[in-house]
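The values are calculated or read from the model by the stated rules, or taken from the named source; none is laboratory data. It should be emphasised that the depicted structure is a prediction, and the values quoted were computed from it without experimental measurement. We place every Cβ from the backbone using ideal geometry, glycine too, and count neighbours over all the protein chains shown.
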Amino acid sequence: MAEPLKDMYDEGFLREFSGKVHAVFADFDSDGFVAATMAEGWEELKLKERIRHISVTLGKFLPSSYEDALDVLFAIDEICVGFPYLFFPDFVEVHGSALEHWELSMKAIERFTSKSSAEFAVRSYLIRDPERMMQQMTIWSEHPSEHVRRLSSEGCRPRLPWGQALPEFKRDPAPVLLILDKLKRDSSLYVRKSVANNLNDIAKDHPSLVLETAQRWRGVHPNTDWIVRHGCRTLIRKADPEVLALFGYANSESTEPIAIAASLSASRTVLAIGESCDLSYELHIREGEQAKIRIEYGIYFVKAGGRTSRKLFLLSDKTVPGGSHLKGTRTHRWADLSTRRHYKGEHLIALVVNGNEVASCNIDLV
């Protein structure tokens, strides 16, 4: 089993980092910093809690002046690169939030984001002063560095995983969309992925607004088309008819369904939690013109209280000739995950084509 990500912050890492600091700041108490960081309670801290604890503790061992402390970090940031150094921008969030530090903190965030990433650090600034911070994000959206341009999108995602919530932008994402509009043709895939993920976040609260944006953006530029398709993935999974039509998926008219024959079966119908089964499907697509189809299977997972909730799993997304006969098999594991726990009971499994359930089977989880 892989070690928890938080364990990258072990004594070896902290001592190596302390050595880098001491090389440019002779008064740095390396032993004291390591001891204070790993004091009682350290083992219980989660990843982001460890990042914050390092930031807070570091502030006690660097010069008391925020400006002088940043000078130390600026002197070593070229050799402190990668995910473990998320505590550099976090240091700015913790120690540089005062109004008089604004310009310096923005300079530091802009500089540090290319070394690790600052999308978490900017969110407290967005909450305190959204108008001023979004003006800064607008400036960053035109920056030569793809890392800084990405920050302008990633930092204001309404539902950024692991990030502090931005309730104002959940309610009204208009300021966010102004940023995304500036980035919709970006040459960097790194940036475009962030724009698409931001759109997908917004779609969960404002689906009609994202559909309207997709209709307006589609066909503007190949890079934009990629963003639109990826940014509408949640709406596609929900089989919104307008969204499916926008992306050319075949509609399922009541008189002529897409799948004129379909079946779904499980290799085992009784399983223990942790076991696997094979799901096999067959589809006969209607005759006539070629059809763009999205094939998924949806499992109605039994929850702790006995209710069920469907989760979709993609099998295929492609264009096929009319009259095609399609079949396939997928192994599904019924093991508990960090994001999903299984409960005993009968589970309905449905075969879904362009949002419509066309066949089903059941398994009993024991």
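A few comments on the model shown:
- Test: residue in region 159-168 that is among the basic types (Lys, Arg), closer than 20 Å to Thr224 by Cβ and touching a helix residue (DSSP H, G or I) at 6+ places or on another chain (Cβ under 8 Å): no
- Region 336-351 - residue that is of a type in the set (A, V, I, L, M) and free of Cβ contacts under 8 Å to residues at least 60 places away in the same chain and, of those, surrounded by the fewest Cβ atoms within 10 Å (Cβ to Cβ): Leu337
- For region 183-200, residues that are touching a helix residue (DSSP H, G or I) at 6+ places or on another chain (Cβ under 7 Å) and assigned to a helix (DSSP H, G or I) total 10.
- Contact map, region 198-223: residues that are aliphatic (A, V, I, L, M) paired with residues that are part of a loop (DSSP other than H, G, I, E, B) and surrounded by 15 or more Cβ atoms within 10 Å (Cβ to Cβ), Cβ distance under 6 Å, separation 6+ or inter-chain. Pairs shown: Ile202/Pro173; Ala214/Cys232.
- Residue list for region 14-73, restricted to those being among the hydrophobic types (A, V, I, L, M, F, W, C) and assigned to a loop (DSSP other than H, G, I, E, B): Phe25, Ala26, Phe28, Met38, Ala39, Leu45, Leu62
- Counted residues, region 18-47 - those being among the basic types (Lys, Arg) and surrounded by 15 or more Cβ atoms within 10 Å (Cβ to Cβ): 1
- Filtered by the rule that a residue be exposed (fewer than 14 other Cβ atoms within 10 Å of the Cβ) and either touching a residue at least 24 places away in the same chain (Cβ under 8 Å) or not assigned by TED's automatic domain parsing to the domain that holds Gly355 (or both), region 291-307 gives Lys303, Ala304, Gly306.
- Selected residue [at pLDDT 95 or above and in contact with a helix residue (DSSP H, G or I) (Cβ under 6 Å, 6 or more places away or on another chain)] from Leu5, Leu14: Leu14
- Annotation: of all residues in region 278-300 being in a strand (DSSP E or B) and of a type in the set (Gly, Ala, Ser), the one that is farthest from Ser263 (Cα to Cα) is Ala291.
- Count of region 133-168 residues which are among the small types (Gly, Ala, Ser) and within 14 Å of the chain's Cα centre (by Cα): 4
- For region 53-73, the tally of residues that are touching a residue at least 24 places away in the same chain (Cβ under 8 Å) and over 15 Å from Ser105 (Cα atoms) stands at 8.
- Members of region 74-120 that are free of Cβ contacts under 8 Å to residues at least 12 places away in the same chain and of a type in the set (Lys, Arg): Lys107
- Residues that are surrounded by 12 or more Cβ atoms within 10 Å (Cβ to Cβ) and of a type outside the set (Val, Ile, Thr) were ranked within region 319-332; the one that is nearest to Ser276 (Cα to Cα) is His332.
- Any chance Arg268 is in contact with a strand residue (DSSP E or B) (Cβ under 9 Å, 6 or more places away or on another chain), outside any strand (DSSP E or B) and not hydroxyl-bearing (Ser, Thr, Tyr): yes
- Flag not set for Thr339, criterion: β-branched (Val, Ile, Thr) and not in a loop (DSSP other than H, G, I, E, B).
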